[in-house]
Each structure stands twice: as structure tokens, then as C-alpha cells.
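Only one structure is covered here, and it is reproduced in the block below.
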């Protein structure tokens, strides 16, 4: 964490930024080891381009912050006082007035406290200072992601056992959650289960619909270990499905495999997206592939790099992201197959390898 702070300080100096501010978010965990949620009480990590790092925190959190967080100082405040004086003390040695915040997470609540202390200032988005650090994972980060991937694959084994006619989507979700907790999953679990016509919407949540013969059922499962996420989707087949849905399944399978096998350092998100999208479009289903091919993965489920046509940035070894093309036919059903990959010299290594072809033939799974 000290190395990370050193790197981001240098980048801030080069960009002419005098101070960075982080509130509870993935980056607060990344730079200070502090994982906590937002509340009405402000917690702010202050990283000046020169000088000590300081966390401003409410008094009832101060002891925990001091025990857990990596920072030079912790300045606390009582509820009846509010954070104004603590922030004033934290910024007393900051000379310039060029600040950087995370546009996606900074709240007006903390922003106005800072403005009350220093008056007018210039500000910019801090995200470009962090993005490349977060995208490339070190050995410890990869170990945490590998453990999370083990858990999502165990969750898919549970789904394989749970999905059958006359069982609801919610029943399937609860069975997967139960099994993962029994296996020792202690972090957050997020999931969506969609069946039949409901699977034809790419971002449907779990409902109470009862699964029936002839359904496609996709399970999108995310599990976190030590703050790092794994994200997998598999589409299951219940009984026999129509020839059209069989074709959809095979096209998605082909597109996903091609993108995984051809991805390598030096390619851009646009390049990888084009591989999967080109196959789906060539089969006449382009209008039904309604989202990007993938997203970065790590401390957040969705982070950079994005595997999308608008991303021309060359990707590097050590970057982790999903590859998850899909086809969704409204009112009929949808197929998505999602894996997590890490770029390695010359290619990409899949972090998740649960069987991808779950079409059935005579009640047997075709692997």
C-alpha cells in the first residue's frame, strides 16, 4: 500500500495536483486497507502530493481505523462537532488548491466540508491516476481472485444440482447461497437467476418464476474473497429447447471461445469486443447482443478495462476482465456465457473453467 501511495503521489505531482481525497470505496481499500460503507458520518482519506497521509474519521470509528488502516495519521471528530475542524487540521499543511476526487463516488457532503475549509479550489477527476494501477493485478491480488473463482465454480456445481422443473428461480438462488456458505464463503455473494422468457432480458434479477421443461436458465454469480471478486455466468438447459434457441446457444459458445482464445496483450477492448460481436453478427443475431463483451474485474465487479468498442487502450499482461457475450431473444429466452480471464504474455488465461456447453442430449451433458 505504501508503494501504491508513492506511485499515485508521483502521478499527482506530474499532473499538477496538490491533494487527493478518497471516501469509502474500492480505492479507499486499495490505498489504505480500509473497507467500510458510506454513512451520514464522513470518512475521508487525504493524500497530499507532499506530506503525511491522513484519515478524517468519526470518533466511534477511530479505533478501528487506527488498527486497520494504513495512514500516517487519523484525525477524529465527535458527532456534535462534525468533521470541519478535523478536515481543517488535515489540510493545514497543503499549500496549493488543485484537488482531485473520484467523480463516481465523491459526495457533495464531503466536497462542501473541504470547500468550507479552503474556500475556492480547482478540481479534477482522480480516476486516471488510479486506473492503470488497479487494472494490473499483483500476485496477492491474483491469489484472492483465484480463491473467489474457486467459489463461483462451486456455486455453478450447486446450480447444476438445483435447476430442475417445478423449482423456482429463488429456490435455486437460495440453494447456491446455502452451499457456498457451507463451503466457507465469508464475503459478499451477488446473484441473478433468470429462466424461460425472463432469461431474454440481459439484466433480469432473480424472481419467483417456476422453472419448466424447455427453459433456458442463466445464473450470473459473483463472489468476493478478501475484497476481490469473481464473476461467472452459465446458461443451463432444462429438457429440450427449440432449434432456434439451440442455435443461439451454439453461437454464443463459439463467440465466447473465440474471444477467450484470441485475447492477448497489445489488443484493445475494441479488438476483443469485435471478435465476439463479429461472430454473433455474422449469424444474424447482432441486434440481440445488447451489451459490451466484458468489463474489468477486481476490487469492483465492474471496473476498467472495459471490453467495448469505445476502448482503444492497448491492454497489458496482468489485467483481469470478463468475456461474456450473450444473445437475448425477447419473450423466448437468452444465453450468456461468462468467464474471468487474466492476460499473460502471448495470450489470456481463463480463471474460471466450469463447463461451458450445457446443452443436453438424451439427458446427458455435452462438455
* To do: Go through region 54-83 residue by residue and tally those that are in contact with a helix residue (DSSP H, G or I) (Cβ under 6 Å, 6 or more places away or on another chain), surrounded by 14 or more Cβ atoms within 10 Å (Cβ to Cβ) and without any contact (Cβ under 8 Å) to a residue 60 or more places away in the chain.
  => 11
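In region 265-301, what count of residues is obtained for those that are over 17 Å from the mean Cα position of the chain (by Cα) and part of a helix (DSSP H, G or I)?
Keep residues of region 265-301 that are over 17 Å from the mean Cα position of the chain (by Cα), which gives 265-268, 270-290.
Filter once more, so that each one left must be part of a helix (DSSP H, G or I): 270-282, 286-288.
Here the count works out to 16.
Only one of 248, 219, 252 is part of a strand (DSSP E or B) and assigned by TED's automatic domain parsing to the domain that holds residue 347; which?
Working: 248 fails: part of a strand (DSSP E or B); 252 fails: part of a strand (DSSP E or B).
Being part of a strand (DSSP E or B) and assigned by TED's automatic domain parsing to the domain that holds residue 347 holds for just one of 248, 219, 252, which is 219.
Within region 178-202, track down each residue that is under 21 Å from residue 299 (Cα atoms) and either within 19 Å of the chain's Cα centre (by Cα) or free of Cβ contacts under 8 Å to residues at least 24 places away in the same chain (or both). If you could, list the steps in order and put the result at the bottom.
Keep residues of region 178-202 that are under 21 Å from residue 299 (Cα atoms), which gives 180-181, 184-192.
Scanning region 178-202 gives 181, 184, 185, 186, 187, 188, 189, 190, 191, 192.
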* Asked: Which one of these does residue 103 not meet: (1) in contact with a helix residue (DSSP H, G or I) (Cβ under 9 Å, 6 or more places away or on another chain); (2) under 30 Å from residue 315 (Cβ atoms); (3) outside the structural domain of residue 14 (by TED's automatic domain parsing)?
  -> (3)
* Asked: Can you find even one residue in region 207-215 that is out of contact with any helix residue (DSSP H, G or I) (no Cβ under 6 Å at 6 or more places or on another chain), surrounded by fewer than 17 Cβ atoms within 10 Å (Cβ to Cβ) and without any contact (Cβ under 8 Å) to a residue 40 or more places away in the chain?
  -> yes
* To do: Kindly indicate which of 269, 294 is in the same structural domain as residue 199 (by TED's automatic domain parsing), out of contact with any helix residue (DSSP H, G or I) (no Cβ under 9 Å at 6 or more places or on another chain), surrounded by 24 or more Cβ atoms within 10 Å (Cβ to Cβ) and modelled with pLDDT of 95 or more.
  => 269
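Would it be correct to say that residue 165 is buried (at least 17 other Cβ atoms within 10 Å of the Cβ), in contact (Cβ under 8 Å) with a residue 40 or more places away in the chain and assigned by TED's automatic domain parsing to the domain that holds residue 359? Break it down into steps so the answer makes sense when it comes.
Working: buried (at least 17 other Cβ atoms within 10 Å of the Cβ): no; in contact (Cβ under 8 Å) with a residue 40 or more places away in the chain: yes; assigned by TED's automatic domain parsing to the domain that holds residue 359: yes.
When the stated conditions are applied, residue 165 does not pass them.
Residue-wise test of (1) crowded, with 16+ Cβ neighbours inside 10 Å; (2) within 19 Å of residue 337 (Cβ to Cβ).
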position: 194; (1), (2): yes, yes
position: 199; (1), (2): yes, yes
position: 203; (1), (2): no, yes
position: 226; (1), (2): yes, no
position: 248; (1), (2): yes, yes
position: 264; (1), (2): yes, no
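Could you count how many residues in region 86-100 are without any contact (Cβ under 8 Å) to a residue 60 or more places away in the chain and either in contact with a helix residue (DSSP H, G or I) (Cβ under 7 Å, 6 or more places away or on another chain) or loosely packed, with under 13 Cβ neighbours inside 10 Å (or both)?
Step one: list which residues in region 86-100 are without any contact (Cβ under 8 Å) to a residue 60 or more places away in the chain, which gives 86-90, 92-93.
Remaining after also requiring either in contact with a helix residue (DSSP H, G or I) (Cβ under 7 Å, 6 or more places away or on another chain) or loosely packed, with under 13 Cβ neighbours inside 10 Å (or both): 87-88, 92-93.
Within region 86-100, residues that are without any contact (Cβ under 8 Å) to a residue 60 or more places away in the chain and either in contact with a helix residue (DSSP H, G or I) (Cβ under 7 Å, 6 or more places away or on another chain) or loosely packed, with under 13 Cβ neighbours inside 10 Å (or both) number 4.
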* To do: With the condition kept exactly as written, say whether any residue in region 177-191 is crowded, with 18+ Cβ neighbours inside 10 Å, assigned to a loop (DSSP other than H, G, I, E, B) and either in the same structural domain as residue 294 (by TED's automatic domain parsing) or modelled with pLDDT of 95 or more (or both).
  => yes
* Asked: Can we say residue 4 is over 23 Å from residue 121 (Cα atoms) and touching a strand residue (DSSP E or B) at 6+ places or on another chain (Cβ under 6 Å)?
  -> no
* Asked: Within the set of pairs 6+ apart or on separate chains, which have a first residue in region 122-136 that is on the phi > 0 side of the Ramachandran plot, a second that is in a helix (DSSP H, G or I) and at pLDDT below 95, and C-beta atoms under 7 Å apart?
  -> none
* To do: Could you tell me which numbered condition residue 304 fails, if it satisfies all but one of (1) in contact (Cβ under 8 Å) with a residue 60 or more places away in the chain; (2) under 15 Å from the mean Cα position of the chain (by Cα); (3) assigned to a strand (DSSP E or B); (4) buried (at least 23 other Cβ atoms within 10 Å of the Cβ)?
  => (4)
* To do: Run residue 128 past the list (1) farther than 30 Å from residue 265 by Cβ; (2) outside the structural domain of residue 245 (by TED's automatic domain parsing); (3) touching a helix residue (DSSP H, G or I) at 6+ places or on another chain (Cβ under 9 Å); (4) at pLDDT below 95 and report the number of the one that doesn't hold.
  => (1)
* Asked: Which ranges mark the helices (runs of 4 or more DSSP H) fully within region 62-172 that have 1 or more residues being farther than 30 Å from residue 304 by Cβ?
  -> 84-90, 108-118, 139-162
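The values are calculated or read from the model by the stated rules, or taken from the named source; none is laboratory data. This is a predicted model, so every value here is computed, not measured. No Cβ is skipped: glycine too gets one built from the backbone with ideal geometry, and neighbour counts run over all protein chains shown.
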